[in-house]
Structure formats: structure tokens, C-alpha cells
Amino acid sequence: MNRREFLFAAASAAAVPALSFSGRLFAAPASSPRFLLVFLRGGYDCNNLLVPYGSDFYYESRPTLAIARPDAGNPSSAIALDADWGLNPVLRDSIYPLWQRKQIAFVPFAGTDDLSRSHFETQDNIESGEPIAPHRDFRSGFLARLSGTLPRVPAIAFTDALPLSFQGRTDIPNISLRGVARPVFDAGQSSILAGMYRDTPLAAAAADGLELHQQVSKDLQEEMTKANRGAANARNFAAETRRIATLMRDQYRLGFVDVGGWDTHVNQGSVSGALANNLENLGLGLAAYADALGSEWDNTVVVVVSEFGRTFRENGDKGTDHGHGTVHWVLGGKVNGGRIAGDQVAVTQQRLLQDRDYPVLNNYRDVFGGVFKRLWGLSDGQLQAVFPQARPRDLQLV
């Protein structure tokens, strides 16, 4: 049993959020690039995030879900970003200020070649980062391969279990920040657990794991106390991203977090309802992340993805079904933002894929490859190791 497997097993046995850790903590250079991938599991409806308000077909297709065209007298209307696209108004106080500062770009018509419209298959396809093929290795993720090409760039997953994105290496920790507001072990329990492995090869791993869990719990407890006055980080995701920011600022440079609840088949809503609530929470969390990083926001890139988009037309239950093309978000202090990036087509019925979805014009492997090359100066050979057979595209996002 290696060090990571030991701590995963210990945490599972104690019925606490999964934690794995390998090796002593070390600090990366403060000014080195940071990258965080935010995965929206469930396939979010990008059409009610980035609203194609210039399209009459959008309003014909969504009699109850469409968001009104920009109107200064209507606070529930889309916020105009350019002549064709608008932003859901629930993001007015969180994401729109980043747009105004040119610190966020949106990439529509983005996604994968996977046409299964299956949550699990498409998530696995994206996280593996491999080309579509009959036999793919779902034990190797593209973030793990990226980590392997970057010396002294510490990586972490803020998840209950190590996601496929980071699988393939045994030295990447994962820790869930959900439900750890109180210390998992008190001082006496920690002493007993550490003592069990004293003078064994696993002693250092046990001490590191207990120390990290206790520190995370302590900081979350303090943040929850401060949040009682209704501060933004009282919202679950915002509280989580503030803690993520602390760890990414001080220790880690490559991170992953996922957010569920985006499968909106029924009563999806537009500027209120399930989707709007999720978008508002996500926006507040990302704004809190940027705020908590302070000046290091300038050395940070965050990319928000989902396995696929939703059907362009609303269904009979006032929701949307599994689709294909989606919209990616790219945020950061030095991101070349304030623009809609990548290849685009007019939003008309004739341009839909199979008369139902956005087509994918910007393959995520190519887009990510361009971002990684910019961030870390990766060679063509290194990019091929991360994304085999990809054709990295530099959209000048960073």
C-alpha cells in the first residue's frame, strides 16, 4: 500500500470525507501560474447563461424559458455583452463586473466529439482527454498527465474521491471541503491515530494527512462564524471557493473542483428557478475565489466546463434535455476577456446539430492545449502527451 492509498483507506474507514496525501507540503513560487478546472456535472443550459438575444429563433424555441432582450428598464432582461450575446441577469453582481474588467471570456459552441449525450460517458471522455476511440484508458486523466509534465507544480482535487481527471498518478491528493466545518478528529484521537503509525514507513503520511484535515476544518469553522452576518461566503459554494483560494494561493497550482445539480429536465426556469439559483451560487463562488486570491488573481486562470449543453428548444415539462455543444468560461486577472472567443455561427435552426443542439466548433482538447501552452510554455511533444492527437489552438485567452 502506497502513501496515497493509505490515507484514502484511513479516511474511508473513519467515515469522513475522503483525503489522500503524499509527501511533505512545499510552497510553489508565489508568482507561478495557477489553474483551476470547475466541472459542472449534469450538463448546464448554456443558452440561458450566454443568451443569444440577437436570434429570433431563440425566442421561438423557448416560449417560457427565454430571457428577455436587453432593456434598461427591465432588470430581468439579459445584460448586453455585444450585439448578439447577453448575460443572465442573476450574474449582474458577480460575473458581470469581471466582464467589465475584461477578466472573463466565454467560448460558445465548445465541447467534445462525444455524441452519446450520456452524462457518465461524456464526463469520462472529457476527463480522460483522449480522442474518441473504441478502446480508451479511463484510468488516465488529462490533468494527471499535465501534472506529470510540470515539475514542482503541486496539484490537488477538491472532491470526495480522486476524479478521473487526476487519475493515473499516485501522488495527487484529494480532499472534500464539504461537511468538514468541525475537526474530524480531536487532539486525543489525532494523537492515537498518529501513534498507530509511529516508527513505520507511513508515519509521515499519517502526520501530513491529519495536519491538513485539521487545518482545513479550523479555517472553515472560522469562516462560518464570520459568515453569520450574511456575508457572501455564507453560500455553500462561495465558502468552499474561499478555502480553495487559500490552498491554491499558499500551496497548490493545479486544481479541480466539481459542482452538481445542472440536469434541468423539468421546471428549469429562466431568471428564477433551479438553473438561475445554481448560476447565482456559481457566480458568487467564483467572485469570492477571485476576491480571496487578492493580487494572485493576476496569476490565476479558471476554466468552467460541463459535459454538454442542453437542447436548444425547451421540452414539454418547461425544461431542457441532454444536448451537445456548450459554453466554456475562462476567468483570471490577466485573461484576455471582455469578449466572446472561438469559432461561431449564427444561432438559427439551420445551424443546429441534428436540429436540436449547438454544434461543437471549438473542441475542448484543442482550446485547453492552447491555454496550457500559453500558461506553462509547453512544447508540442508535451501537449501531445496531455492531449494525444489534439491540435492545440491559441485563442489568445491568456
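The values are calculated or read from the model by the stated rules, or taken from the named source; none is laboratory data. No experiment lies behind these values; they were computed from the predicted model shown. Reconstructed Cβ throughout: ideal geometry from the backbone, glycine too, with neighbour counts over all protein chains shown.
Observations, loosely collected:
- Candidate set: region 15-53, residues that are over 23 Å from the mean Cα position of the chain (by Cα), more than 22 Å from Val302 (Cα to Cα) and surrounded by fewer than 21 Cβ atoms within 10 Å (Cβ to Cβ); chosen: the one modelled with the highest pLDDT: Phe26
- Flag for Ala144 being within 24 Å of Ala205 (Cα to Cα), small (Gly, Ala, Ser) and surrounded by fewer than 17 Cβ atoms within 10 Å (Cβ to Cβ): no
- Within region 187-200, the presence of a residue that is part of a loop (DSSP other than H, G, I, E, B), of a type in the set (Gly, Ala, Ser) and either in contact with a Gly (Cβ under 7 Å, 6 or more places away or on another chain) or modelled with pLDDT under 65 (or both) is excluded.
- Here Gly342, Gly381 are screened, and the one residue that is free of Cβ contacts under 8 Å to residues at least 12 places away in the same chain and either part of a loop (DSSP other than H, G, I, E, B) or surrounded by fewer than 16 Cβ atoms within 10 Å (Cβ to Cβ) (or both) is Gly381.
- Residue in region 158-173 that is touching a Phe, Trp or Tyr at 6+ places or on another chain (Cβ under 7 Å) and at pLDDT below 75 present: no
- Residues (under 13 Å from Gly42 (Cα atoms) and of a type in the set (A, V, I, L, M)) located in region 258-273: Val259
- Filter pass, Leu164 being touching a residue at least 40 places away in the same chain (Cβ under 8 Å), crowded, with 18+ Cβ neighbours inside 10 Å and either under 16 Å from Val38 (Cα atoms) or out of contact with any strand residue (DSSP E or B) (no Cβ under 7 Å at 6 or more places or on another chain) (or both): yes
- The number of residues in region 110-122 that are outside any loop (DSSP other than H, G, I, E, B) and either surrounded by fewer than 24 Cβ atoms within 10 Å (Cβ to Cβ) or of a type in the set (A, V, I, L, M) (or both) comes to 5.
- Residue in region 276-286 that is buried (at least 20 other Cβ atoms within 10 Å of the Cβ) and touching a strand residue (DSSP E or B) at 6+ places or on another chain (Cβ under 7 Å) present: yes
- Of all residues in region 246-268, those that are farther than 18 Å from Leu150 by Cβ have Cβ atoms under 7 Å from Cβ atoms of residues that are of a type in the set (Val, Ile, Thr) and assigned to a strand (DSSP E or B), 6 or more apart or on another chain, in Val257/Val38; Val259/Val38.
- Number of positions in region 67-83 that are within 28 Å of the chain's Cα centre (by Cα) and among the charged types (D, E, K, R): 1
- Count of region 252-273 residues which are surrounded by fewer than 22 Cβ atoms within 10 Å (Cβ to Cβ) and over 19 Å from the mean Cα position of the chain (by Cα): 7
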